[in-house]
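> Right, I'll just put the structure down here and ask away after.
Only the coordinates and a few stated rules stand behind these numbers; no lab work does. Just so you know, these numbers come straight off a predicted model, no measurement behind them. Note that each Cβ is placed from the backbone with ideal geometry, even for glycine, and that neighbours are counted across all protein chains shown.
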């Protein structure tokens with residue numbers, strides 16, 4: 001009994017795995033690289049940003065669970081919100097630093113930035129709504145660019161490898 005390509009994979013499956021998934025991976029990579037470059041540039045520039053006094057208005061640890069029942073994983077991150085004024089206009093910010101937040105320092109951040117306490121807020125002069133509590137660059141902003149490049153390469157590789165793999169698998173089954 002001989003299987004045909006149509007019986008092994010539907011047309012929709014072939015299109016999804018050989019075209020749509022690789023393109024989505026590539027586009028995710030492009031967006032991640034763009035965000036990483038923007039974060040890296042803001043992180044470097046923030047060392048020279050002006051500062052104003054502000055107030056911490058929210059400071060809590062949030063937990064997030066992921067995985068299945070057997071592999072349940074819980075991570076924590078600090079959620080810190082602050083208010084500040086630039087040229088008599090009020091703003092609310094929530095960025096402690098540029099780059100990913102490390103769950104291991106969530107407690108440190110909550111201790112460092114307790115609710116209802118004053119804080120120094122650094123803001124982007126040409127866009128005062130962009131602000132940060134801890135200016136400067138860290139390795140996480142560069143990691144974001146590297147991760148994005150990896151997704152772009154994965155998408156490109158999948159665009160060429162997956163169709164060949166599916167064709168080879170179909171030929172193997174049909175022989």
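> Could you give P(r) for the chain, binned at 10 Å from zero, as whole percent values over all Cα-Cα pairs?
Values per bin, smallest distances first: 9, 24, 25, 18, 12, 8, 4, 1.
> Further question: Multiplying the sequence separation of residue 62 and residue 172 by 0.36 nm and subtracting their Cα-Cα distance, what value in nm do you get?
34.6 nm
> Now for a separate question. Using the per-residue mean of other Cβ atoms lying within 10 Å as a proxy for protection, in what order, highest first, do the peptides 155-161, 127-133 fall?
Ranking, from highest mean packing down: 127-133, 155-161.
> For the range 48-135, what value does the Rg/Rh ratio take when both radii are computed over Cα atoms and Rh is the Kirkwood radius, given to two decimals?
Ratio of gyration radius to Kirkwood radius: 1.07.
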